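Enquirer: For reference, the structure I am asking about is given below.
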Amino acid sequence: MIEDRNAATAQGRPTLLDVDAVKMVYSSAHRTVEALGGVRFTVGDGEFVCIVGPSGAGKTTLLKCISGLLRPTGGTVRLEGTEVKAPPQAMALVFQDYARSLFPWMTVEANVELPLKQAGMARRQRRDLISSALADVGLTDVGSAYPWQLSGGMQQRVAIARAIAYRPRILVMDEPFAAVDAQTRADLEDLVRDLWHKLGVTVLFVTHDIDEAIYLGERVLALSASPTVVMDDIAIDLPDARDQIGTRSLSRFGELRKELYGQIQRARHTSG
Ligand SMILES: Nc1ncnc2c1ncn2[C@@H]1O[C@H](COP(=O)(O)OP(=O)(O)OP(=O)(O)O)[C@@H](O)[C@H]1O
């Protein structure tokens, strides 16, 4: 378990997100589930942090607490030093289920525009941000199309464009590529790394896939089984310039995979 949260923030960057002893107990008349058992970690400004954990480990619960969709039953989440009590303006979310997160009756542009409108931006500024977000995700020509006219990978690009359009400080992604084919997934992984470099946005990325976590992240947090705690915080000491074939063939990549795989196996039998 991580004892010193600040020591775990890589490369001495100032803390952007502070998850401090977050607990979540679901209680109903019939059963009580202790999903989170005191999760602690910090994410530095500009970092790319991945979270992996066994199925049912409480990853979705944790992200709901971090994004203010769910109030934890213990502990606190702070973003830029302020306690998160509702979805923060500085945070954007991307979910696995792009088909349900985009509105099918709205064009691609209108989908991307929605949070900008909600933020009260003027039309001209909205136009500029929409075009630059669509260009950033490689979709300059589909603004007037409807989501259902696009492939799954393109729809997820639209969801990413909508998330980055209003320039959030942190992008929180919940298994965003679990529903697309392998080639599309590889392209989307590279897109997210490119956006991270280009925009300087902080990324918190949850995945089931150990290889994906190592390929993408600067750090990987391994969660235990419920009640969940952070079991390990692994620095990914691979070169920053990554490519799907070269990086995954490195012997260091294999060593990290072995280490993380062992952690996940232990995690299945360990709880906080
Ligand atoms: N609304 C809820 N009410 C009661 N229990 C819940 C609720 N949501 C989740 N749980 C329980 O909390 C635990 C963690 O669930 P959660 O969905 O957060 O895990 P997960 O790691 O995202 O799972 P998976 O990887 O399988 O998607 C599970 O035991 C689940 O049954």
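The values are calculated or read from the model by the stated rules, or taken from the named source; none is laboratory data. Note that this is a predicted model, so its numbers are computed, not measured. Cβ sites come from the backbone with ideal geometry, for glycine too, and all protein chains shown count toward neighbours. Areas reflect the complete protein model, heavy atoms only, side chains present, ligands, DNA and RNA absent. Shrake-Rupley method; radii C 1.70, N 1.55, O 1.52, S 1.80 Å.
Enquirer: Considering only residues that are near the ligand (Cβ under 10 Å from one of its atoms) and modelled with pLDDT of 90 or more, look in region 8-30 and name the one that is nearest to the chain's Cα centre (by Cα).
Expert: Met24
Enquirer: So is Arg5 away from the ligand (no atom under 16 Å from the Cβ) and at pLDDT below 90 or not?
Expert: Yes.
Enquirer: Being assigned to a loop (DSSP other than H, G, I, E, B), crowded, with 22+ Cβ neighbours inside 10 Å and hydrophobic (A, V, I, L, M, F, W, C) is the filter here; which residues of region 147-177 pass it?
Expert: Scanning region 147-177 gives a single hit, Phe177.
Enquirer: Say we look at region 12-37 and pick out the residues that are of a type in the set (Ser, Thr, Tyr) and in a strand (DSSP E or B); which of these is surrounded by the most Cβ atoms within 10 Å (Cβ to Cβ)?
Expert: My answer is Thr15.
Enquirer: Which of the residues that make up region 209-240 are among the hydroxyl-bearing types (Ser, Thr, Tyr) and open to solvent by less than 10 Å² (accessible area, probe 1.4 Å)?
Expert: Filtering region 209-240 down to residues among the hydroxyl-bearing types (Ser, Thr, Tyr) leaves 215, 224, 226, 228.
Those that are among the hydroxyl-bearing types (Ser, Thr, Tyr) and open to solvent by less than 10 Å² (accessible area, probe 1.4 Å): Tyr215, Ser224, Thr228.
Enquirer: If you scan region 206-236, which residues turn out to be over 12 Å from Arg257 (Cα atoms) and either touching a Phe, Trp or Tyr at 6+ places or on another chain (Cβ under 9 Å) or free of Cβ contacts under 8 Å to residues at least 24 places away in the same chain (or both)?
Expert: Thr207, Leu216, Gly217, Glu218, Arg219, Leu221, Val230, Asp233
Enquirer: Checking the condition under 26 Å from Pro239 (Cβ atoms), more than 16 Å from the ligand (Cβ to nearest atom) and open to solvent by less than 20 Å² (accessible area, probe 1.4 Å), which residue from Val206, Val137, Val112 passes?
Expert: Working: Val206 fails: more than 16 Å from the ligand (Cβ to nearest atom); Val112 fails: under 26 Å from Pro239 (Cβ atoms).
Within the list Val206, Val137, Val112, the selection yields Val137.
Enquirer: Would you say Arg71 is within 16 Å of the ligand (Cβ to nearest atom), among the basic types (Lys, Arg) and out of contact with any helix residue (DSSP H, G or I) (no Cβ under 9 Å at 6 or more places or on another chain)? Before you say what the answer is, go through the steps one by one.
Expert: Values: within 16 Å of the ligand (Cβ to nearest atom): yes; among the basic types (Lys, Arg): yes; out of contact with any helix residue (DSSP H, G or I) (no Cβ under 9 Å at 6 or more places or on another chain): no.
Here the answer is no, as Arg71 does not meet what is asked.
Enquirer: Taking only region 38-57 into account, find how many residues are within 12 Å of the ligand (Cβ to nearest atom) and open to solvent by less than 10 Å² (accessible area, probe 1.4 Å).
Expert: Of the residues in region 38-57, 5 are within 12 Å of the ligand (Cβ to nearest atom) and open to solvent by less than 10 Å² (accessible area, probe 1.4 Å).
Enquirer: Please give the number of the condition Lys64 fails out of (1) more than 16 Å from the ligand (Cβ to nearest atom); (2) without any contact (Cβ under 8 Å) to a residue 40 or more places away in the chain; (3) touching a strand residue (DSSP E or B) at 6+ places or on another chain (Cβ under 9 Å).
Expert: Against the list (1) more than 16 Å from the ligand (Cβ to nearest atom); (2) without any contact (Cβ under 8 Å) to a residue 40 or more places away in the chain; (3) touching a strand residue (DSSP E or B) at 6+ places or on another chain (Cβ under 9 Å), Lys64 comes up short only on (1).
Enquirer: Please pick out the residue among Glu212, Glu189 that is within 16 Å of the ligand (Cβ to nearest atom) and part of a helix (DSSP H, G or I).
Expert: Step by step, each of Glu212, Glu189 is checked, and only Glu212 is within 16 Å of the ligand (Cβ to nearest atom) and part of a helix (DSSP H, G or I).
Enquirer: Can we say Thr107 is touching an Asp or Glu at 6+ places or on another chain (Cβ under 6 Å), open to solvent by less than 60 Å² (accessible area, probe 1.4 Å), at pLDDT 95 or above and more than 15 Å from the ligand (Cβ to nearest atom)? Don't jump to the end; show me each part of the working.
Expert: Values: touching an Asp or Glu at 6+ places or on another chain (Cβ under 6 Å): no; open to solvent by less than 60 Å² (accessible area, probe 1.4 Å): yes; at pLDDT 95 or above: yes; more than 15 Å from the ligand (Cβ to nearest atom): yes.
The answer is no for Thr107.
Enquirer: Now a separate question. What are the residues in region 218-251 that are within 16 Å of the ligand (Cβ to nearest atom) and of a type outside the set (S, T, N, Q), if any?
Expert: Val220, Leu221, Ala222, Leu223, Ala225, Pro227, Val229, Val230, Met231 - these are the residues of region 218-251 that are within 16 Å of the ligand (Cβ to nearest atom) and of a type outside the set (S, T, N, Q).
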